[in-house]
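The values are calculated or read from the model by the stated rules, or taken from the named source; none is laboratory data. None of these values were measured; they are calculated from a predicted model. Positions of Cβ are backbone-derived with ideal geometry, glycine not excepted, and every protein chain shown enters the neighbour counts. Accessible surface is based on the protein model in full, side chains and every heavy atom, while ligands, DNA and RNA are left aside. Shrake-Rupley method; radii C 1.70, N 1.55, O 1.52, S 1.80 Å.
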Amino acid sequence: MLNDSVVDKHLTRRALSGMAIDSTRQGGHLIKIETDRRLGHEWDEWDGTALDNGGDFGSPARLYFGFTAAGFIIVAGILAMGVWLLGPRLGALFGGLPGVLYYSIGGGLVLGLIWLGLIAVAVYSGRAVLPERLAERGLLLKTMNLAWRTGELFGVRRDWTGHASVAVYDRLALARQRSVSPDELLILIPRCLSRDALDGVLDIAKRNNVSAFVATRGQLARRVIKERRPKAVVAVACERDMVSGLHDVAGRVPVLGLTMTLPNGPCKDASIDLGKMEEFVRKYLGKGS
Ligand code: SF4
């Protein structure tokens, strides 16, 4: 049964607009997701064809590192080209200006690559090398879009790079020591989970006495966080929604993000790794893995 301790009825009724309640299951009401597909805006351009690799975008963290480093170099190159093109005019303003700008661009690139190296050390050592604001709750969030845009320049779809970015983010977040009580933790799930995945999430929520919310849109997820003011969030979403959601929310509240597999295309019948979900919930509750 979706009792108050597992799913907040007030917010969930709003969140479940577009879904029906089926009371035929043993134990009380059960969420029933309508079978028609409603695409999230992140998938507006989807043409109805099957997704790569059956909708499983599992990819290694090095994809994020490679495309972020390439992105830094490309941005620095574009800036340097701008300085070169405008050089005569800049030089007319102040003779040394082009040189100063070249050094600044070069220095910024070196600093960016050093920062990326420190993030890599943190990820592969499992140690919190940098403060949160210089890592997963700050600078890292700002580089996620750069990584997937650079990946697309090389013909890699954003979902693959997004998965790698979220994997880097999670490894950094897992390296922090953080423990909250069950009523300070929130589980946010999208409307597109398969019945099995939804049952599995609700079971985990119930066993750990944590509230779970179905957020039909990213905007609603942000509102739930604003209203409930949790001290930590375990969020489930596809790579695209996760990257934009982390960008908006992770700076304000600690989040662990779990991405999904989309075997039937976007926004329908998504599956998740329930073992990982449980690991994330237990990590925030200080129960270990
Ligand atoms: S989380 Fe689900 S419903 Fe939301 S955009 Fe991604 S696939 Fe669609």
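Confirm whether residue 221 is touching a strand residue (DSSP E or B) at 6+ places or on another chain (Cβ under 6 Å), within 13 Å of the ligand (Cβ to nearest atom) and over 26 Å from residue 60 (Cβ atoms). Lay out the reasoning, then the answer.
On the way: touching a strand residue (DSSP E or B) at 6+ places or on another chain (Cβ under 6 Å): yes; within 13 Å of the ligand (Cβ to nearest atom): yes; over 26 Å from residue 60 (Cβ atoms): yes.
It is true that residue 221 is touching a strand residue (DSSP E or B) at 6+ places or on another chain (Cβ under 6 Å), within 13 Å of the ligand (Cβ to nearest atom) and over 26 Å from residue 60 (Cβ atoms).
What are the pairs with Cβ atoms under 8 angstrom where one residue, in the range 106-120, is open to solvent by 60 Å² or more (accessible area, probe 1.4 Å) and the other, located anywhere, is in a helix (DSSP H, G or I) and of a type in the set (Phe, Trp, Tyr)? Sequence gap at least six, or different chains.
Qualifying pairs under 8 Å: 113/72.
With under 13 Å from the mean Cα position of the chain (by Cα) and either open to solvent by 50 Å² or more (accessible area, probe 1.4 Å) or modelled with pLDDT under 95 (or both) as the only criterion, which of 128, 221, 167 stands out?
Exactly one residue qualifies, and that residue is 221.
Regarding residue 56, is this residue of a type in the set (Asp, Glu) and either touching a Lys or Arg at 6+ places or on another chain (Cβ under 7 Å) or away from the ligand (no atom under 14 Å from the Cβ) (or both)?
no
Give me the residue from the range 259-279 that is out of contact with any helix residue (DSSP H, G or I) (no Cβ under 8 Å at 6 or more places or on another chain) and not in a loop (DSSP other than H, G, I, E, B) and, out of that set, least open to solvent (accessible area, probe 1.4 Å).
If we take residues in the range 259-279 being out of contact with any helix residue (DSSP H, G or I) (no Cβ under 8 Å at 6 or more places or on another chain) and not in a loop (DSSP other than H, G, I, E, B), then 275 is least open to solvent (accessible area, probe 1.4 Å).
Could you give every pair whose Cβ atoms fall below 9 Å, whose first residue belongs to the range 78-102 and is among the hydroxyl-bearing types (Ser, Thr, Tyr), and whose second residue is in a helix (DSSP H, G or I), counting only separations of at least 6 or pairs across chains?
102/80; 102/83; 102/84
For the range 142-181, which positions are among the aliphatic types (A, V, I, L, M) and in contact (Cβ under 8 Å) with a residue 60 or more places away in the chain?
Hits for the range 142-181 are 144, 146, 147, 153, 156, 164, 166, 167, 168, 173, 174, 180.
Which ones in the range 224-243 are more than 13 Å from the chain's Cα centre (by Cα) and open to solvent by 10 Å² or more (accessible area, probe 1.4 Å)?
Selection gives 225, 226, 227, 228, 229, 230, 231.
Which residue out of 256, 285, 246 is surrounded by fewer than 21 Cβ atoms within 10 Å (Cβ to Cβ) and either more than 15 Å from the ligand (Cβ to nearest atom) or under 14 Å from the mean Cα position of the chain (by Cα) (or both)? Spell out how you get there, then give the answer.
Working: 256 fails: surrounded by fewer than 21 Cβ atoms within 10 Å (Cβ to Cβ); 246 fails: surrounded by fewer than 21 Cβ atoms within 10 Å (Cβ to Cβ).
Unique residue meeting the criteria: 285.
If you check residue 216 against the conditions, is it more than 17 Å from residue 137 (Cβ to Cβ), open to solvent by 10 Å² or more (accessible area, probe 1.4 Å) and more than 10 Å from the ligand (Cβ to nearest atom)?
Criteria not met by residue 216.
Against the definition (under 26 Å from residue 57 (Cα atoms), assigned to a helix (DSSP H, G or I) and touching a residue at least 12 places away in the same chain (Cβ under 8 Å)), how does residue 212 come out, yes or no?
Values: under 26 Å from residue 57 (Cα atoms): yes; assigned to a helix (DSSP H, G or I): no; touching a residue at least 12 places away in the same chain (Cβ under 8 Å): yes.
When the stated conditions are applied, residue 212 does not pass them.
Name the pairs: first residue in the range 182-206 and at negative phi and open to solvent by 50 Å² or more (accessible area, probe 1.4 Å), second residue within 16 Å of the ligand (Cβ to nearest atom) and not in a strand (DSSP E or B), Cβ to Cβ under 9 Å, at least 6 apart or on different chains?
Sorted first by the residue in the range 182-206, then by its partner, the pairs are 195/33; 195/269.
Residues are listed down the side, and each one gets a yes or a no for (1) modelled with pLDDT of 95 or more; (2) outside any helix (DSSP H, G or I); (3) crowded, with 19+ Cβ neighbours inside 10 Å:
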position: 48; (1), (2), (3): no, yes, no
position: 53; (1), (2), (3): yes, no, no
position: 60; (1), (2), (3): yes, yes, no
position: 72; (1), (2), (3): yes, no, yes
position: 80; (1), (2), (3): yes, no, no
position: 90; (1), (2), (3): no, no, yes
position: 95; (1), (2), (3): no, yes, no
position: 99; (1), (2), (3): no, no, no
position: 102; (1), (2), (3): yes, no, no
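Test of understanding: among 222, 176, which residue is under 15 Å from residue 254 (Cα atoms) and outside any helix (DSSP H, G or I)?
From the options 222, 176, the qualifying one is 176.
Residue under question is residue 194, and the condition is that it be within 15 Å of the ligand (Cβ to nearest atom), among the polar types (S, T, N, Q) and at pLDDT 95 or above; does it hold?
yes
I'd like to know if the range 225-235 contains one or more residues that are within 16 Å of the ligand (Cβ to nearest atom), modelled with pLDDT of 95 or more and within 22 Å of residue 41 (Cβ to Cβ).
Yes, some residue in the range 225-235 is within 16 Å of the ligand (Cβ to nearest atom), modelled with pLDDT of 95 or more and within 22 Å of residue 41 (Cβ to Cβ).
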